[in-house]
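Throughout, read-outs are computed from the coordinates displayed, never taken from laboratory work. Predicted, not measured: the structure shown is a model, and the values here were computed from it. Here the Cβ is made from the backbone with ideal geometry for all residues, glycine too, and neighbour counts use every protein chain on show.
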Amino acid sequence: MSLTRRQVLKGSAALTAAGMLGIPPLRAQTELIKKPIPKTGELIPVIGIGTNRYGVDAVEEQLAPLRETLKKFRELGGTVIDTAPAYRNSEAVLGDLIDGLGIRDDLFMATKCNMQTQEQSATQMEESVARLKWDVIDLMQVHNLMGWDGQLPAMREWKAAGRLRYYGVTTSQTQQHELLAKLMQEQELDFIQVNYSLGDRAAAEKILPLAADKGLGVFINVPLGRGSLFGNVGQRPLPEWAAEFDCKSWGQFFLKYIVSHPAVTVAIPGTRKPQHAEDNLGAAMGRLPDAAMRKRMEDFIDSV
Ligand SMILES: NC(=O)c1ccc[n+]([C@@H]2O[C@H](COP(=O)([O-])OP(=O)(O)OC[C@H]3O[C@@H](n4cnc5c(N)ncnc54)[C@H](OP(=O)(O)O)[C@@H]3O)[C@@H](O)[C@H]2O)c1
């Protein structure tokens, strides 16, 4: 695996700064579980952040909680952020907040494209780079599979030119899984992004095994059922056996189920509160459920 210039600079800057301060580098302080990106072996933490509600007005009252969330996320070792031009002004908000916090170099930035033609896609990707103030986009994705035949050639060109590192396709709708599977079979891709949660397990039937078979990285969107899973369990206490996989909250219960699937690389819960970032990153710590425990979790959620 060859490291990019940015990765080398990232690594040496972190080591130097930490060495000067006499503290171990951040990586050594945190114990987040990481998984390898299948195409390269690059390790990324299994919990990221989804930002489809980061499109806020430029007023401090709305920006402050998002800034605090990103700060907490990064302090605890989180790196993966998922966004899109379709999420109102989320890209611009992220670009500004990340700059202000000075955390750019440690992040893995995934965004999307929703254009039709190759030319339109290249223009939109330029706009994303400008809004995010990014150097090389880590992951560029076809949003909702729309216009994939125009977008993929643009993404391949950008990857060949070193302007993005990985590319792939996304959906959050089960009725699109058939088209998703077809693209996974026929197109050269690095990643897919798909809906999967304890309350929505269809992806486990065909999509996740196919991703493993094809060696694709997997982002999981709507991992909390857009928050509805919390409503399903209501005020119930966690089952005692949740302690057997170091689970301290319902959020961790839902997320540990996802990231313990062998084909899943990262789950990206939508997160706008620092306490949610902290809770969710707890799902990337300690033990994960094994296959028998995952079945028990499914039976439990089906019974509530
Ligand atoms: N086709 C696509 O490509 C596609 C489609 C849909 C979504 N996505 C991506 O997937 C991401 C996740 O989807 P989503 O945000 O719609 O749904 P989600 O992650 O399933 O749920 C988000 C909701 O759960 C809440 N939450 C998060 N952590 C929590 C915790 N620990 N305890 C209690 N509540 C918690 C959030 O509240 P707060 O916001 O207040 O923290 C928010 O209301 C999106 O942000 C986006 O990046 C992609």
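Annotations
- Simple point charges give the picture: +1 on the Cβ of Lys and Arg, -1 on the Cβ of Asp and Glu, and for the chain a dipole about the Cα centre of about 380 debye.
- Per residue Cα convex hull volume in Å³ - calculated over segment 181-300: 107
- Distance in nm between pseudo-label sites at ARG226 and ASP200 (7 Å out along the Cβ direction from Cα): 0.8
- Compactness of segment 59-189 as Cα Rg over 2.2 N^0.38 Å, two decimals: 1.09
- Residue by residue, segment 88-104 carries 3J(HN,Hα) couplings of 6, 9, 4, 4, 5, 4, 4, x, 5, 5, 5, 4, x, 7, x, 10, 3 Hz when phi is fed to the Karplus relation 6.51 cos²θ - 1.76 cosθ + 1.60 (θ = phi - 60°); x denotes Gly or Pro.
- Exceedance of the 26 Å cut-off in Cα-Cα distance is limited, within the set LYS206/LYS295; LYS34/LYS112; LYS133/LYS159; LYS182/LYS273; LYS72/LYS295, to LYS182/LYS273; LYS72/LYS295.
- Cα-Cα P(r), the chain, percent of pairs per 20 Å interval: 34, 60, 7
- Amide H contacts of HIS261 (H built 1.01 Å from N, under 5 Å, at least 5 apart or other chain): none
- Computed extension length for LEU101-GLN235: 44.6 nm, one decimal, from 0.36 nm per residue of separation with the Cα-Cα distance subtracted.
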